[in-house]
1. With each pseudo-label sitting 7 Å past Cα toward Cβ, what's the residue 197-residue 11 distance in nm, one decimal?
2. Between residue 174 and residue 117, what is the label-to-label distance in nm when each label sits 7 Å out along the Cα-to-Cβ direction?
3. Treat each spin label as a single point 7 Å out from the Cα along the C-beta direction, and report the residue 133 to residue 92 distance in nm.
4. Pick out which of 63, 41, 174 has the largest mean-square fluctuation in a Gaussian network model of the chain, springs linking Cα atoms closer than 10 Å.
5. How far is helix 90-109 tilted off the main Cα axis of the chain, in degrees rounded to 10, range 0 to 90?
6. Tell me the net charge near residue 49. Cut-off is 13 Å between Cβ atoms, residue 49 excluded, with +1 for each Lys or Arg and -1 for each Asp or Glu.
7. Hey, got the dipole for region 118-200? About the Cα centre, +1 on K and R Cβ, -1 on D and E Cβ, debye to the nearest 20?
8. Tally Lys/Arg at +1 and Asp/Glu at -1 over every other residue whose Cβ is under 13 Å from the Cβ of residue 156; what's the total?
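Values in this text are rule-based calculations from the coordinates and carry no lab data. It should be emphasised that the depicted structure is a prediction, and the values quoted were computed from it without experimental measurement. Neighbour counts are summed over all protein chains in view; Cβ atoms, including those assigned to glycine, are modelled from backbone coordinates with ideal geometry.
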Amino acid sequence: MMGEISSSFYAYLSRLRWIKRWGLKRNAHDENVMEHSWEVAVIAHTLALVKNRYYGGQVDANAIATAALYHDITEVITGDLPTPIKYHSEEISAAYKRIEQQAETELLGLLPLALQADFKALIQHDLMPPEHVQMIKAADKISAYLKCQAELKAGNLEFETAAEQLALAIGALAQPEVIFFMKAFAPSCGLTLDGLMKTY
């Protein structure tokens, strides 16, 4: 019979809804880490399926989607550090990487011992297959780009430069599944509900 187990792991994760993204910018629509993680997961899942069906890939779309759901959970400890600060210098980037790794270890330690091995490959980015990491990073950039486009559509020019930089970064990835997504799925994200309803 299993003894009584108590873990605060999911109590911590539930607080991701209170962590705001894009903290240095005025937002027309606030975005939290929890909703961002869901969007990254569905985009990463789609990228993986596109890679498999159209470009001869053999990646595990479900494993990628699951890892993407957890890709930012360390921010419940670290907070969301804005990209311009995170990559301001090599020293800051290296220091933040160490902080993230410490946060990963601490969150893993909150889990019951028997589950820790199962979560390691989801939480510790260094243990993930490189192809999974690459796809999740691409999905992360696409999600950020779509957020910028939504802000621009709302008349918020605060996101203009970020949108341009992300478009360049996404184009530079040269991943066929990313190009496919940006051509097939991204354009309709800017439509109104009435515009969407006219498309089917």
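1. About 4.5 nm separates the two model spin labels.
2. In this crude spin-label approximation the distance works out to 4.0 nm.
3. Computed distance between label sites residue 133 and residue 92 equals 2.2 nm.
4. 174
5. 50
6. 0
7. Around 200 debye, computed over region 118-200.
8. Net local charge, residue 156 excluded: -1.
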